[in-house]
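Asks: Please find one structure pasted underneath; my questions will follow.
The values are calculated or read from the model by the stated rules, or taken from the named source; none is laboratory data. Since we're looking at a predicted model, the values are computed, not measured. Here the Cβ positions follow ideal geometry from the backbone for every residue, glycine too, while neighbour counts run over all protein chains shown. Only protein heavy atoms, including side chains, enter the accessible area calculation; ligands, DNA and RNA are left aside. Shrake-Rupley method; radii C 1.70, N 1.55, O 1.52, S 1.80 Å.
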Amino acid sequence: MLRYLYANDLYQYPQLAASMFRDRADQFKTRLGWEVSVDEHGFEKDQYDELNPLYVIWENADGSHGGSMRFLPTTGRTMVNEHFSHVMGGGEVRSPLIWECTRFCLSRTASSRMAALLVVACGEVMHHFNVEHFVGVFDARMVRIYRMLGASPDVLGRDGEGCDQISVGLWHYDAADRNKILRRAGVSLALSQLWFDRSFGADDAQDLAQSA
């Protein structure tokens with residue numbers, strides 16, 4: 001199932017949180033060779049994990065991590081503005097209607113529909129938090145994945161060439177996009193909404209959106 005958890009609430013799901021941070025280390029440092037920090041517990045964390053971001057996490061039947069993403073409003077500190085402004089020609093993205101999405105991570109054992117399930121969660125976040133766009137940095141390997149999912153972004157800027165190219169993208173999903181992703185993920189809209197409501201009810205989400 002999909003869980004929506006703020007960093008301050010991860011302690012309630014220790015196995016899920018630990019396996020997420022270890023899978024992040026495995027994906028970003030071991031497999032992709034990124035220059036990221038891994039602590040003595042084998043966790044990959046950065047300064048943005050300290051800002052109480054919202055995590056969307058797929059929880060496997062055994063309580064472990066299957067895939068995840070991290071969200072922060074662009075009205076505060078974000079990775080794209082603090083480290084990748086040059087990709088956009090020195091510009092910034094700041095709006096209460098735009099959230100940053102980072103650390104898109106899949107475990108080694110993730111099913112073939114895991115990426116689509118995470119994109120389903122993007123639709124729930126947009127709907128319940130009054131978000132119109134997501135912004136994020138992605139590398140060349142993700143272009144094919146986004147195209148396959150039918151979730152290709154508008155590119156705000158690129159830097160580098162070939163496999164080393166990184167881009168800043170802006171995503172928006174309308175009702176047609178959402179329905180397409182739901183079919184690809186193999187879940188109903190009712191089930192997607194149930195997963196969201198198990199994390200926090202619709203009224204709570206509206207209150208959080210207004211204060212974000």
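Asks: May I ask you to list the residues in the stretch 128-184 that are of a type in the set (D, E, K, R), under 17 Å from residue 69 (Cβ atoms) and surrounded by 14 or more Cβ atoms within 10 Å (Cβ to Cβ)?
Replies: 139, 177, 178, 184, listed by residue number.
Okay, residues lined up against (1) surrounded by fewer than 18 Cβ atoms within 10 Å (Cβ to Cβ); (2) among the aliphatic types (A, V, I, L, M); (3) within 20 Å of residue 165 (Cα to Cα):
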| site | (1), (2), (3) |
| --- | --- |
| 58 | no, no, no |
| 70 | no, no, no |
| 78 | no, no, no |
| 94 | yes, no, no |
| 120 | no, yes, no |
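Asks: Please name all residue pairs, on different chains or six or more residues apart, with Cβ atoms under 7 Å, provided the first residue is in the stretch 109-127 and is in a loop (DSSP other than H, G, I, E, B) and the second residue is among the hydrophobic types (A, V, I, L, M, F, W, C).
Replies: What qualifies is 113/185.
Asks: (1) among the small types (Gly, Ala, Ser); (2) within 24 Å of residue 112 (Cβ to Cβ); (3) open to solvent by 20 Å² or more (accessible area, probe 1.4 Å): which one isn't true of residue 25, the others all being true?
Replies: Going through (1) among the small types (Gly, Ala, Ser); (2) within 24 Å of residue 112 (Cβ to Cβ); (3) open to solvent by 20 Å² or more (accessible area, probe 1.4 Å) one by one, residue 25 breaks only (3).
Asks: Follow-up question, since we're still on this one. Can you work out which of the residues in the stretch 98-109 that are under 23 Å from residue 8 (Cα atoms) and of a type outside the set (Phe, Trp, Tyr) is surrounded by the fewest Cβ atoms within 10 Å (Cβ to Cβ)?
Replies: 106
Asks: Looking at the stretch 195-202, is at least one residue surrounded by fewer than 17 Cβ atoms within 10 Å (Cβ to Cβ), in a helix (DSSP H, G or I) and either touching a strand residue (DSSP E or B) at 6+ places or on another chain (Cβ under 8 Å) or at pLDDT 85 or above (or both)?
Replies: yes
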